Every structure is written in structure tokens, then in C-alpha cells.
Amino acid sequence: MENDLRSCLVLTTWPADRPIAPLARAILEARLAACVHASGIGMSVYRWEGAIEEAEERQVVLKTTRARLPALEAHVRAAHPYAVPEWLVVEASGSADYLAWIAGSVAG
């Protein structure tokens, strides 16, 4: 059980021409993450289907626990306009108070 409560950061992107607030609010209301942080608009240059592409996107960081990852990923994938959205998970360590806040925020 303790392993399920480990905090992690999820990195994803979101198209600049689509509002991020409705997705962020839905994630928080479902208690899938404690915080959704979306940065300003930046340029992504990447290879997709054999071509080099460019897109304006926001970098999004979701703070959650390992236990909530499957449901969070399903929610983001269902809402995301990309066929293959960025989904990178990084184990997080930090102050005990902050990690407890994350765990408490996603507890059902």
C-alpha cells in the first residue's frame, strides 16, 4: 500500500489553441491529481509519422500518486486530441508535508 501512495509527476502537453482549465478542473474534481500546472505556450519540434513537425503547446505537470495513475491516464487520453499524447511519469520525493498533501488530495 505504501508504494501506491508514492508521489509522482506526470508530464504531458496540451495544444495551445485549446483551453486547459476544463481538463484541469475535471481532473481535480475526480481527485485524480492534487495539482495541474500548465506553463505558458511554447514551441515543440518533434518527429511524427516520418516528418518533422512543429506545434505550439503548453507543458502540463500533474501531481498525483502511483495509485491514481491508471485512472488519470485514462482520463487524459479520453480528453486529449492527440493520437499519442505525451505521458511521462517521474517518481517524486519532497517534503513530508507536501507529499502528504498530494496523497490527501487524491484520496477518495
* Structure fact -> Counting only protein heavy atoms with a 1.4 Å probe and every protein chain in place, the carbon and sulfur fraction of the accessible surface of the chain in whole percent equals 55
* Report ILE27's accessible area, 1.4 Å probe, all protein chains in place, as a number in Å² to the nearest 10. => 0
* Give the span of the chain's Cα atoms along each principal axis, as three whole-Å numbers ordered largest to smallest. => 44, 24, 23
* Structure fact -> Rounded to whole Å², per residue accessible area for the stretch 1-104 with a 1.4 Å probe reads 61
* Grab the DSSP H runs of the chain that are 4 residues or longer, score each as -39,500 (n - 2.57), total them, divide by all residues and round the 222 nm result to the nearest 500 deg cm²/dmol. => -8500 deg cm²/dmol
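The values are calculated or read from the model by the stated rules, or taken from the named source; none is laboratory data. None of the values given here were measured: they were computed from a predicted structure. To get the accessible areas, we keep the full protein, side chains included, count just its heavy atoms, and leave off ligands, DNA and RNA. Shrake-Rupley method; radii C 1.70, N 1.55, O 1.52, S 1.80 Å.
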